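**Student:** One structure coming up, written as structure tokens, with questions to follow.
The values are calculated or read from the model by the stated rules, or taken from the named source; none is laboratory data. All values reported here derive from a predicted model rather than from experimental measurement. No Cβ is skipped: glycine too gets one built from the backbone with ideal geometry, and neighbour counts run over all protein chains shown.
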Amino acid sequence: MAAGGADFLEGELGRLEEAYRRAALRHLQLTHDRVDALGDIQTEPPVHGGLTAFGAEVIRHCEALGVIVDVAHGTGSLVRRAAEVARKPLVPSHASLAMDPTRRITPEHARIVAGTGGVVGIWPPARVFQDLAALAEGIARVAEVVGPAHVGLGSDMMGLVGPSALPDCGARLPDLAAHLLRRFTPDETVGILGGNYWRVARACLAA
């Protein structure tokens, strides 16, 4: 189970452990579409100056349990503080350097994530990447900043408002792989298409 936001915690760490035990929660996005008790988001004026003390507690508890920490939607200040707290890799599960402001991250933001050993997931809305060739170029742009070991495919495919450059992962993945192989080695391509995220998952899911 993955959760797009931690509102359900309502300020109580015990609810995180309950979600881990009863709902098999293994991936938690700290913030979503509103400023919450964990920290600030990209689309609203900052309130907390980044990650809150409770947000830091949640990160530590996630790592102790074996839950991947997702900093998508979080501000650069939130991600910087999260990286200071974290002892395991972080992921912004859906972002890019080229998107509209709702999910765009800066090169510094991406480097902070990579510094934890994490992976930046590239979200594929067609309004930003009109086709697979453009998506591969967007992936390459992030790889130039952080290296191909720290880039992957974005999640939250059902959260797209409008069409996707990758509408069917199963059917179109070989086509995307062909575009990536023009820019990356076979091993790097395997990493981008899932291997890098699997590395993060192995590191984070072990309590």
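**Student:** Of the conditions (1) of a type in the set (A, V, I, L, M); (2) farther than 26 Å from residue 162 by Cβ; (3) outside any loop (DSSP other than H, G, I, E, B), residue 3 fails just one. Which one is it?
**Tutor:** Here residue 3 meets the rest and fails (2).
**Student:** With respect to residue 84, is the statement that it is within 19 Å of residue 94 (Cβ to Cβ) and without any contact (Cβ under 8 Å) to a residue 12 or more places away in the chain true?
**Tutor:** no
**Student:** To continue, here is another question. Please tell me if residue 61 is in contact (Cβ under 8 Å) with a residue 12 or more places away in the chain, surrounded by fewer than 24 Cβ atoms within 10 Å (Cβ to Cβ), touching a helix residue (DSSP H, G or I) at 6+ places or on another chain (Cβ under 6 Å) and in the same structural domain as residue 24 (by TED's automatic domain parsing).
**Tutor:** Here the answer is yes, as residue 61 does meet what is asked.
**Student:** Another question about this same structure. Against the definition (out of contact with any His (no Cβ under 8 Å at 6 or more places or on another chain) and buried (at least 24 other Cβ atoms within 10 Å of the Cβ)), how does residue 82 come out, yes or no?
**Tutor:** yes
**Student:** I would also like to ask the following. Here is a check on your reading of the model: is residue 106 polar (S, T, N, Q), under 15 Å from the mean Cα position of the chain (by Cα), surrounded by fewer than 17 Cβ atoms within 10 Å (Cβ to Cβ) and not assigned by TED's automatic domain parsing to the domain that holds residue 27?
**Tutor:** Considered against the rule, which asks whether it is polar (S, T, N, Q), under 15 Å from the mean Cα position of the chain (by Cα), surrounded by fewer than 17 Cβ atoms within 10 Å (Cβ to Cβ) and not assigned by TED's automatic domain parsing to the domain that holds residue 27, residue 106 comes out as yes.
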